[in-house]
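Read through the structure below, which is laid out as structure tokens, and then see the notes.
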Amino acid sequence: MKKVFVFLLLVNGLFATEIVVDGKYSSLLGNPYKAKLEVKSSDLSIISGSSNIINAVVTTNKNDFGSIYRQPEFTIAASSCNKVLKNFMAEDYNIVSTSENSATCEIESLKVNLTYAFNNDSHLNVISTIEVETGIVIKIVKNGVIKEVRTSDKLDQTLGRDGKNYMNSIRTDMKLDSKSTEENIQMILENSIYRMLNNTKG
């Protein structure tokens, strides 16, 4: 039984955790009623884009992970931010796959900084802060004119709120212990991508 346990630990260490960006959180941002109910005069297609897998750069303050835990590793599909792009663009456009006007989004870099509450204890694995830094490239083709923008953003679990100003954050309180690390990263990431899209709008 002990050999099986050690084998499972070794196998687990070979694989990084995939961060899934499916638009679950970004669909709650902006004005979903406008996206679903307002009549639009323009069509837009969302191009799937690159199939590359990005390895996140992970930093922590933990000195010793011991034999039970290991430093987390994460991967993400470069084209996954198109899920957020679709939610964002749906407010102003009919999303139609056959439209000549198109948009695509690609994640170029991902950095995750994890702060552990007990950084010197190898037996405790409690994360107190998650900070995500993301770089994306957005490409829009409209009436034959190509616009390409590169931008980056850094966001933690406060979701950009400042006092009572929640700045498009999804919820007013985020408890890190209520979700897995990768789901917390997804929530932060979808907020961050949506914010970057909003800042580059125009």
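Before moving on, here are some points about what is shown:
- Of all the criteria given as (1) of a type in the set (S, T, N, Q); (2) modelled with pLDDT under 95; (3) surrounded by 12 or more Cβ atoms within 10 Å (Cβ to Cβ), the one not satisfied by residue 104 is (2).
- Every pair of residues 6+ apart whose Cβ atoms lie under 7 Å, when the first sits in the range 132-161 and is more than 15 Å from residue 88 (Cβ to Cβ) and touching a residue at least 40 places away in the same chain (Cβ under 8 Å) while the second is among the basic types (Lys, Arg) and surrounded by 14 or more Cβ atoms within 10 Å (Cβ to Cβ): none
- Taken over the range 1-48, residues that are of a type in the set (Ser, Thr, Tyr), modelled with pLDDT of 90 or more and under 30 Å from residue 92 (Cα atoms) amount to 5.
- Whichever residue in the range 152-202 is at pLDDT below 90 and of a type in the set (A, V, I, L, M) and, among such residues, is surrounded by the fewest Cβ atoms within 10 Å (Cβ to Cβ): 167
- When we screen 80, 109 for residues that are surrounded by fewer than 16 Cβ atoms within 10 Å (Cβ to Cβ), within 14 Å of the chain's Cα centre (by Cα) and within 19 Å of residue 149 (Cα to Cα), the only hit is 109.
- Within the range 29-71, the residues that satisfy the criterion of being closer than 30 Å to residue 117 by Cβ and aromatic (Phe, Trp, Tyr) are 65, 69.
- Leading residue by the ranking (nearest to residue 179 (Cα to Cα)) among those in the range 16-55 that are assigned to a loop (DSSP other than H, G, I, E, B) and basic (Lys, Arg): 24
- Just so you know, in the range 83-101 the residues that are hydrophobic (A, V, I, L, M, F, W, C) and within 20 Å of residue 146 (Cα to Cα) include one that is surrounded by the most Cβ atoms within 10 Å (Cβ to Cβ), and it is 85.
- Just one of the numbered conditions (1) closer than 24 Å to residue 192 by Cα; (2) among the aliphatic types (A, V, I, L, M); (3) touching a strand residue (DSSP E or B) at 6+ places or on another chain (Cβ under 7 Å) is not true of residue 90: (3).
- Residue satisfying all of: in the range 66-75; out of contact with any helix residue (DSSP H, G or I) (no Cβ under 6 Å at 6 or more places or on another chain) and free of Cβ contacts under 8 Å to residues at least 60 places away in the same chain; nearest to residue 105 (Cα to Cα) among these: 75
- When residue 85 is tested against (1) among the hydrophobic types (A, V, I, L, M, F, W, C); (2) in contact with an Asp or Glu (Cβ under 8 Å, 6 or more places away or on another chain); (3) in contact (Cβ under 8 Å) with a residue 60 or more places away in the chain, just one condition goes unmet, and that condition is (2).
- Test: residue in the range 96-116 that is charged (D, E, K, R) and closer than 20 Å to residue 181 by Cα: yes
- Taking the range 57-103 as the range and being among the basic types (Lys, Arg) and farther than 17 Å from residue 125 by Cα as the test, the residues that pass are 83, 86.
The values are calculated or read from the model by the stated rules, or taken from the named source; none is laboratory data. The structure presented is a predicted model; accordingly, all values stated were derived computationally and were not measured. Here the Cβ is made from the backbone with ideal geometry for all residues, glycine too, and neighbour counts use every protein chain on show.
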